[in-house]
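Values in this text are rule-based calculations from the coordinates and carry no lab data. Since we're looking at a predicted model, the values are computed, not measured. Backbone-built Cβ (ideal geometry, glycine too); neighbour counts: all protein chains shown.
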Amino acid sequence: MNALAATSRNFKNAARILGLDAKIEKSLLIPFREIKVECTIPKDDGSLVSYVGFRVQHDNARGPMKGGIRYHPEVDPDEVNALAQLMTWKTAVADIPYGGAKGGIGCTPRDLSMSELERLTRVFTQKIHDLIGIHTDVPAPDMGTNAQTMAWILDEYSKFHGHSPAVVTGKPIDLGGSLGREAATGRGVVFGTEALLAEYGKSCKGLTFVIQGFGNVGSWAAKLIHERGGKVIAVSDITGAVKNPNGLDITELVKHKESTGSLLNFNGGDNMDPNEILTHECDVLIPSALGGVLNRENASSVRAKFIVEAANHPTDPEADEILSKKGVIILPDIYANAGGVTVSYFEWVQNIQGFMWEEEKVNNELQRYMTRAFHNIKSMCKTYDCNLRMGAFTLGVNRVARATNLRGWEA
Ligand code: NAD
């Protein structure tokens with residue numbers, strides 16, 4: 001099942017549980033605006049090349065739309081649409097005053113030079129500058145884009161609208177980025193995991209963790225779990241997988257990865273088959289890489305007691321059902337990885353205030369938002385007798401539906 005079908009199915013289940021009327025259900029499912037633009041740039045050799053860029057603005061009932069821009073060869077309108085919709089529910093679950101959006105350009109960033117990437121980003125910004133804005137739609141980095149991409153968007157946008165640091169988040173610190181943003185998604189994953197474990201009288205200390213993906217999110221989550229006395233017994237990335245039943249020394253593993261470019265042949269662990277990572281026995285499994293990795297083929301072999309969805313939609317709906325029947329507790333993506341967008345919100349607030357927060361304040365506020373959201377989700381689970389995924393979806397959808405109704409329907 002593709003990302004759009006899975007997201008829409010969860011939305012429809014939530015709408016049914018909430019008893020939403022058909023008019024509002026339809027209005028919440030259809031994106032507010034879909035933008036498709038052609039971006040033609042001269043390559044370094046003087047030849048011209050064209051790329052297609054997208055921005056799907058899903059909903060703005062609760063505030064400016066918010067979501068990443070990805071550069072990837074398979075940027076597909078359906079997936080961008082699903083991810084934009086997920087952002088609407090995610091910002092509502094986190095209770096930050098935003099709607100949802102997502103965008104991208106169908107390109108292979110590693111095949112483009114820095115100057116070609118800069119030209120492409122500037123042309124894309126020229127095409128969409130009057131449809132994004134501080135109080136309209138605030139992009140952020142995603143797959144294939146980074147703080148430098150945001151700096152180019154900020155600069156190009158500011159040529160049309162004056163200096164506007166709050167038009168993008170995930171910027172370099174020198175241009176108004178927030179302290180703590182880089183670690184925020186991984187840190188939010190750990191705050192969410194702690195809130196979940198506390199429900200069962202547990203904490204990270206002494207529990208075993210397996211993490212798929214050792215990029216920004218996975219490596220920060222691993223570091224923070226290790227600091228809290230959790231045992232990260234296996235991790236994998238695109239280069240392979242490594243395990244140690246007594247717990248990997250994550251600080252040393254990060255150094256090994258930095259110096260060799262790979263997780264393999266780490267002298268504090270043993271290489272393992274990356275295909276076995278998701279079914280490795282552990283207390284908490286944290287998929288932090290790709291979507292759709294837990295599916296009907298492998299779900300029944302999962303041996304974790306808890307799954308924390310750091311990646312976006314790592315669990316297919318079929319796998320969701322199998323895992324629920326097995327009694328595995330899943331902390332859903334629209335909550336678990338909301339730490340990044342929450343600190344993006346703090347960045348936007350700091351830019352608007354023209355004031356920079358200390359990192360400690362950013363981290364403390366993030367913990368407050370993540371813990372509050374968890375308790376709000378649990379309260380929906382209690383009211384509607386549902387699992388955490390439906391608790392999160394009903395919480396997010398209900399907040400957006402309420403805001404939509406309060407705004408009224410008169411044209
Ligand atoms: P990243 O590019 O920094 O890291 C991705 C990691 O996944 C890398 O370690 C890569 O080697 C690994 N990977 C890729 N293919 C793999 C495979 N087949 N098996 C095992 N590992 C594989 O990306 P990221 O920013 O850490 O994002 C990870 C996930 O979290 C994505 O699903 C992303 O959408 C989601 N997410 C990220 C953020 C954020 O702020 N970075 C926010 C919300 C959600």
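Antiparallel as a % of all DSSP beta bridges within the range 33-166, to the nearest 5?
Details: 17 of 28 bridges.
Percentage antiparallel, nearest 5: 60.
A prolate overall shape is assigned to the range 33-166, the ratio a/c of its alpha-carbon gyration tensor axes (a ≥ b ≥ c) being 1.5 or greater and a/b exceeding b/c.
Taking 19 Å as the straight-line reach from the Cα of residue 255, the aspartates and glutamates in range (excluding those fewer than 8 positions away in the same chain) are 182, 227, 237, 270. Taking every DSSP beta bridge that has both ends in the range 220-330, the antiparallel portion is near 60%.
Computed extension gain for residue 78 through residue 227, at 0.36 nm per residue and net of the alpha carbon distance, reaches 49.7 nm. Close Lys pairs in the range 79-224 (alpha-carbon distance under 18 Å; sequence gap of 8 or more, or different chains): 6. Between the range 69-142 and the range 303-345, the C-alpha centres lie 23 angstrom from each other. Database remark: amide H of residue 232 closer than 5 angstrom to the amide H of 209, 248 (H placed geometrically; neighbours at sequence offset of 5 or more, or on other chains; Pro and chain starts carry no H). Among the lysines of the range 298-381, pairs at least eight places apart or on separate chains and with Cα atoms under 23 Å apart come to 5.
Tell me whether the range 158-294 comes out rounded, prolate or oblate; compute the Cα gyration tensor, take square roots of the eigenvalues as a ≥ b ≥ c, and use a/c under 1.5 as the rounded threshold. Verdict is prolate for the range 158-294. Just to be sure I understand: of the beta bridges DSSP finds with both ends in the chain, what percent are antiparallel, rounded to 5? Percent antiparallel among DSSP bridges in the chain is about 50.
Using a Gaussian network model of the chain in which every pair of alpha carbons under 10 angstrom is joined by a spring, one finds that among 56, 210, 254 the greatest mean-square fluctuation is at 254.
Defining a contact as two alpha carbons under 8 Å apart and six or more residues distant in sequence, what relative contact order in percent does the range 33-166 show?
On the way: 268 pairs, mean separation 37.0, N = 134.
Relative CO of the range 33-166 lands at 28 percent.
Maximal additional length on extending the residue 258-residue 174 stretch stands at 27.8 nm, based on 0.36 nm per residue less the C-alpha distance.
Each residue in 159, 243 was given a count of other beta-carbon atoms within 10 angstrom of its own, and listing them fewest first yields 159, 243.
Scanning the chain for DSSP H helices at least 18 Å long along the axis (C-alpha atoms) with a Kyte-Doolittle mean no lower than -1.0 picks out 3-18, 77-94, 114-128, 147-161, 181-199, 339-353, 388-407. Between residue 9 and residue 111, the modelled labels are 3.3 nm apart [label points 7 Å from Cα along Cα→Cβ]. Fewest-first ordering of 355, 306 by other beta carbons within 10 Å of each residue's beta carbon gives 355, 306. When each of 76, 174, 59 is scored by the number of other beta-carbon atoms lying within 10 Å, the sequence from fewest to most is 174, 76, 59. Candidates 301, 388, 259 compared by Cα position along the dipole of the chain: farthest toward the positive end lies 388, with charges placed on Cβ.
Just need the relative contact order of the chain here, percent rounded to a whole number, with Cα pairs under 8 Å and 6+ apart.
17
If you take the square roots of the eigenvalues of the alpha-carbon gyration tensor of the chain and sort them as a ≥ b ≥ c, do you get rounded (a/c under 1.5), prolate (a/b over b/c) or oblate? Oblate, because a/c is 1.5 or more while a/b does not exceed b/c.
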